[in-house]
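Step one of this worksheet: look at the structure below.
A short reminder: the numbers here are calculations on the coordinates, not readings from a lab. Just so it is clear, the structure is predicted and the values come from calculations on it, not from any experiment. Glycine also receives a Cβ, built like all others from the backbone with ideal geometry; neighbour counts cover every protein chain displayed.
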Amino acid sequence: MHAGDENFEVYLKQFRPRAPEALPAVTGARKTRRALALGAWAAAILLMAALVAANWSVKPTTSNRSLHPLTIGAANELLERAPSVKAAMDELVRDSQEKSVPKSQSAFEALSEETVNP
Amino acid sequence: MNALRSLAAIVLFSGLVTAAAFGQTAPPSQLGENAALRYWSAFAQMQDSAVMSGKIPGLDDPSVKELFDKNKAALDTMYRGTMLPNCDWGIEYQLGAETPVEYVRKALILGKLNALYVMYLEKQGDTEGAVRALIAGLRFSHDVANGGTLFATEVGAALLMDHLPMIPNIVHAGISPEQRTALQKAAAQLGPTGLDWQGAVKRELAQYRGTDHHLTAQGLAALSQIAPLYVSAMSDASVLSRLQSMIASAPEDLRKIMPDPRRVLASEQSLENHLAEARGLLQ
């Protein structure tokens, strides 16, 4: 065996494994910091969602209105609010429409203009 | 004892078998004879009903004929419904203010369409078709109010008052004795007041007892006194001033939801006038 090899073997035998260090313990303060960070993120996300919802300007269209089925409560409210029963009926029909035909005379006008022969 | 038990078991078994056999051969349910089901089918068949609240060019315009062509199936279904003696909309009053009454809105549109169709047929010289559509329209208007509250009754009245003024035109255009008799019968079937206003008031005021109206004990007590008088007012207008006084002195929670009896009576009276005029013409 070469002297170099023997030296190297001696060198290797000097190796003593070190005891591993303990893993860094999660301290109470660290836990609090993490929770605060998570909370801040959650609050930021909620705030953004609220801002988006508040600025979401959905214009009520006739088709949207017509999606809500008529109830007794809504009907009574309509009767109470409208200046006359006829006005309430007109509003009721108008609310149910998705479109109108751009011409000159409404069907209701045609009915009301119908002359009765003497 | 055992023999008695066996006999009882045999009798019970025979009874069950017989009942099952009768159940299978019994006539089909009468639910299909409900006019309201036909009317819902008609609502589903309606097309381009938006025109009814929009603008139409006039009865002579081709687009109007197209509208009626598109809705012929819906109108025919409605006519078949009017042939049935019973109309039950199945209103779920236990839901209080949230009770769905969408059928009233759809009925208003279909009824208006039919009234327009009567006018159209009469202008086209189709008297037979006009009489048929008119009779169906009267019956349908009456059915719309059936079992409903004041709102449905107001809509039924409005539809009747859309149809009744067509009678003079049709009569003056010339109708056969059979057609006159059919119209007389249709007008007679509407009853003396056209609609059941008293029943509508009863159902309307009964709704106010529900928890969703949040009436106080005082409000409920006042309602108990006002309700019978309100019902009476529908057949005796002389109690109107006393009714109004009672409503005026009622607790605020009741006062603000109580329908104005003057308005209800005005609708009832207006319908009665239209009916009297139509019946007079048909004599």
Got the relative contact order for the stretch B:199-273 handy, in percent, Cα pairs under 8 Å and 6 or more residues apart? 31 percent
Roughly how crowded by other chains is peptide B:202-210, in terms of the mean Cβ count from those chains within 10 Å of each of its Cβ atoms? 1
Given 5 Å bins starting at zero, what is the percent of C-alpha pairs of the stretch B:119-274 in each, up to the one with the largest pair distance? 2, 9, 17, 17, 14, 11, 9, 7, 5, 4, 3, 1, 0
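Please sort by residue number the GluC sites (Glu not before Pro) in the stretch B:88-197 whose DSSP state is loop and whose Cβ has at most 16 other Cβ atoms within 10 Å.
Qualifying residues, ordered by number: B:92.
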Number of partner chain Cβ atoms within 10 Å, mean per residue of B:94-102: 5
Add -39500 (n - 2.57) for each DSSP H run of 4 or more in chain B, then divide by its residues: what number comes out at 222 nm, to the nearest 500 deg cm²/dmol? -22000 deg cm²/dmol
Here the Kirkwood hydrodynamic radius of chain B, Cα-based and in Å, equals 21.7 Å
